[in-house]
Amino acid sequence: MLKKNKWGMLISSLVILLPLAVGLLLWEQLPERMPIHWNAAGEVDGWTGKATGVFLGPVIVLIAHWLCVLVTGLDPKNKDKNEKAKQLILWIMPVLSLLVNGLVYATALGREVNVDMLMPGMMGVLFVVLGNILPKCSRNSTIGIKLPWTLHSDENWYATHRLAGKVWIAGGLCIVGTVWLPMPLSLWIMLPVTAALVLIPCIYSYWFYKTKEA
């Protein structure tokens, strides 16, 4: 994956580090205490120093980005397959870096950011994107729903991912819809929906294995 995506890795890595460059440009305007964590009500409940706030986040995301790409590329079953999923792996961290660090800087500079709308929106959109991409992935050990039963056969893998795709798109849209609801109501809806999106494909995969393959 690295050899075929040299420019992609370079550009995506630069995008991840872009907030660091922005932080240096805004250095004099940034406060000595930077927000790093928000509670369920969207209120800042964690702080760090300016240097840590500017440098640590992008560097951690960059390391995670390279690890994800390396692990995905080392799986021989991903060779010349799952191109859309590999593009997702390539760009999910850059987008995350821009959004999270943008939120940190905006809050640090005194801008009002509605975090309790932003986070469910991001999670919902992610599920919709995954729901569209993962059903097209062939069986492998790094990208997708990796359970003993899905990895047992191509039939189980495709059946589980087709169901997961439909469920995740519907659930993702439901989560996006909660951004217009007040807290904590949106949280009480989002949590069980997210749990269902995880459990339904797992239960279905096991059922498929026991009834059609065992």
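The values are calculated or read from the model by the stated rules, or taken from the named source; none is laboratory data. Remember, it's a predicted structure, so these values are computed and weren't measured experimentally. Note: ideal-geometry Cβ built from the backbone for every residue, glycine included; neighbour counts use all protein chains shown.
General remarks:
- Hits in the range 136-158 (condition: surrounded by fewer than 19 Cβ atoms within 10 Å (Cβ to Cβ) and not basic (K, R)): S138, S141, T142, L147, P148, L151, H152, S153, D154, E155, Y158
- Residues (surrounded by fewer than 17 Cβ atoms within 10 Å (Cβ to Cβ) and in contact (Cβ under 8 Å) with a residue 12 or more places away in the chain) located in the range 107-116: L109, N114
- Pairing residues of the range 136-147 that are under 16 Å from L163 (Cβ atoms) and assigned by TED's automatic domain parsing to the domain that holds K86 with residues that are crowded, with 16+ Cβ neighbours inside 10 Å and polar (S, T, N, Q), at Cβ distances under 8 Å and at least 6 apart in sequence or on separate chains, gives no pairs at all.
- Whichever residue in the range 43-69 is within 19 Å of the chain's Cα centre (by Cα) and at pLDDT below 90 and, among such residues, is farthest from V113 (Cα to Cα): V69
- Pairs with Cβ under 8 Å, 6+ apart, first in the range 162-190 and touching a residue at least 60 places away in the same chain (Cβ under 8 Å), second in a loop (DSSP other than H, G, I, E, B): M183/A40; M183/A41; M183/G42; P184/A40; P184/A41; L187/A40
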